[in-house]
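**Student:** Let me give you the structure first, and then I'll get to my questions.
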Amino acid sequence: PQNETGPPPPRHDNATRSYSITCTGVDTHEELTAKYKDIDFVLQRIRQCRLPSSSSSSANVGLSTRILHGINAVEITPPSSSSSSPRYHHVIFHHPHLGTEDAARHSRFLHHFFHAAVHRWLIPAENDARARERERDVGRNGGLLYLTLVTGQCRRWKCLDAANERGLVLLRRGAFRPPPPPPAGGEEGETTRYRPGRHQSGKSFAKRRRRRRLREEDGVTETETET
């Protein structure tokens, strides 16, 4: 699913800073229940990610989360049940994929996604005066979009060309850094809760990565075997 952080209220000295995180996914709740046997547990853990401002001793910070099902990230208009769609300062999309290795289809997908990001998801620059006051570098020209791709996909899918055509500007590229586990409840020695896996089967990509390394040792280039 995509993670979208909603706009916080204006910041003043000694005032509470409130952040809202909206987690979205294209599947309905019924579809998730049919696919994943532990989905109720996962959704409950997400909803528990709350931080009342009164519980923070170092700063007045509040955090709330919500989950929206049946959200298609590439659609420009919200579902008929919604009269309007909120805009966000930060939109995060990790590892989008159509389920098939087709560079042309993924390139078209990115074109649609970037168009929707500009016209539906990201807060426009002209309406982002509060963000400019709150943080010098974030929100200067509207919301920020974070897209995570596997090595080689950016080039094969012509990601930068699609983004430029939609008026988006590349600010930074870097290696994917999985988030750390929560401070409480993590297993001993655990460095992240992020697990690369195959859809609802839960099977790891480890065997495919090992096969890629073996092929590279036989002289096959990395771009020919990336997933």
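Any read-out appearing in this document is the output of simple, stated calculations on the displayed coordinates, not a laboratory observation. All values derive from a computational prediction rather than experimental measurement.
**Student:** List every residue whose amide H lies under 5 Å from the amide H of Leu63, counting only residues 5 or more places away in sequence or on a different chain, with H placed 1.01 Å from N in the peptide plane.
**Tutor:** Counting only residues 5 or more places away or on other chains, the set is Tyr19, Leu51, Ser53.
**Student:** Further question on the same structure: Short version: ³J(HN,Hα) in whole Hz for each residue of the range 110-123, in order, from phi by Karplus 6.51 cos²θ - 1.76 cosθ + 1.60 (θ = phi - 60°), x for Gly and Pro, what are they?
**Tutor:** Taking θ as phi minus 60°, the curve returns 5, 4, 5, 5, 4, 4, 5, 4, 6, 9, 10, 8, 7, 5 Hz for the range 110-123.
**Student:** What's the extension gain from Ser107 to Tyr36 if we count 0.36 nm per residue and subtract their Cα-Cα distance?
**Tutor:** 22.7 nm
**Student:** Something else about it: Taking amide hydrogens as modeled 1.01 Å from N in the peptide plane, which residues meet the under 5 Å criterion relative to Ile76, leaving out close sequence neighbours?
**Tutor:** none
**Student:** Here's another thing I want to ask about it. Tabulate in residue order the Karplus-calculated ³J(HN,Hα) for the range 159-164, using 6.51 cos²θ - 1.76 cosθ + 1.60 with θ = phi - 60°, rounded to whole Hz; enter x for Gly and Pro.
**Tutor:** 4, 5, 5, 5, 5, 4
**Student:** Could you pull out every residue, at least 5 positions away or on a different chain, whose amide H is within less than 5 Å of the one on Leu144? Hs are placed 1.01 Å off N in the peptide plane, and Pro or chain starts have none.
**Tutor:** His90, Val91
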